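Contents: one structure, followed by commentary.
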Amino acid sequence: MITELDIVEETNAERIVSLLRDDIIRLALKPGDPVSESEMALRFGVSRQPVREALIRLSQMGLVTVRARRTTRVVPISEQAVLNARFAREALEVEIMRKAAARDHSGWGEALEPLLIAQEEAATSQNVSAFHALDEAFHRKIAELAEVEFVWDLIDAQKAQLDRVRFMTLDSNLKLSLAEHRDITEAILAGRADAAERVLRTHLGKITAHLELGRKRFPAYFIPR
């Protein structure tokens, strides 16, 4: 029988997963950093049980290591895991783009343009955190407008390792990312599925360069080759 306490702890675990994942992606928690159950319980004002559940889920995402009687730590970045995430994202998001291009686009411009304007402001001010959040919102909004937001949820569940690398190197090409987002928008609104797919593949294909730059900037954050 599911109790009210079970529901509360499940809700708390989901909240903690989201916040800690964000900390890891944004390098507030760096590879190798310890993650203490007791400290996290104090931070979030909860018992240790939802923290323990959250850490298990983060472990399943490949973001922390959880071992009995050992300190839980943020895992270093695996290049292969990043490339695997890119493959999964590209395979799924190409289909989102093609479906989006085939839809009626009434109101789509009004929905997407504010996100693009906000991205331009973030790029101009080199606000990487804001741009990263707006980047996510842009891609999710396309899936939502195409009525396949559930596919973006599948992508989101697989791409945490990819996001860590993108965040640490995103400042290197904010303007280019924005230009590609505008090209994707233009292609979708014109109903040109092939063009939208082509730009998306180019957009996501930059992860190889991001990996090299990330290794150069933060070599200690990566699993040695």
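The values are calculated or read from the model by the stated rules, or taken from the named source; none is laboratory data. The model shown is predicted, which means the values in this text are computed figures rather than measured ones. Here the Cβ is made from the backbone with ideal geometry for all residues, glycine too, and neighbour counts use every protein chain on show. Ligands, DNA and RNA are excluded from the accessible area calculation, which covers all protein heavy atoms including side chains. Shrake-Rupley method; radii C 1.70, N 1.55, O 1.52, S 1.80 Å.
Looking at the stretch 73-225, the pairs of alpha carbons with a distance over 26 Å make up 24% of the total.
Net charge in the neighbourhood of residue 204 (other residues with Cβ under 9 Å of its Cβ; Lys, Arg +1, Asp, Glu -1) is +2. Restricting the calculation to Cα atoms, the stretch 1-146 shows an Rg/Rh of 1.05 when the hydrodynamic-style radius is the Kirkwood one.
Summing charges over neighbours of residue 76, with a neighbour being any other residue whose Cβ is under 13 Å away from its Cβ, gives +3 when K and R count +1 and D and E count -1. Sort the stretch 124-168 into rounded, prolate or oblate with this rule: let a ≥ b ≥ c be the square roots of the eigenvalues of the Cα gyration tensor; rounded if a/c is under 1.5, and if a/c is not under 1.5, prolate when a/b is larger than b/c, oblate otherwise. Note, shape of the stretch 124-168 comes out oblate. Summing Cβ point charges (Lys, Arg +1; Asp, Glu -1) relative to the Cα centre of the chain gives a dipole of roughly 1260 debye. Calculated accessible area for the chain comes out at 50 Å² per residue, all protein chains present (probe 1.4 Å; ligands, DNA, RNA ignored).
Taking Cα atoms only, the orientation of helix 149-158 departs from the longest principal axis of the chain by about 50 degrees. If I compute solvent accessible area with a 1.4 Å probe over the protein chains, what percent of it on the stretch 80-182 is carbon and sulfur? Roughly 55 percent, rounded to a whole number.
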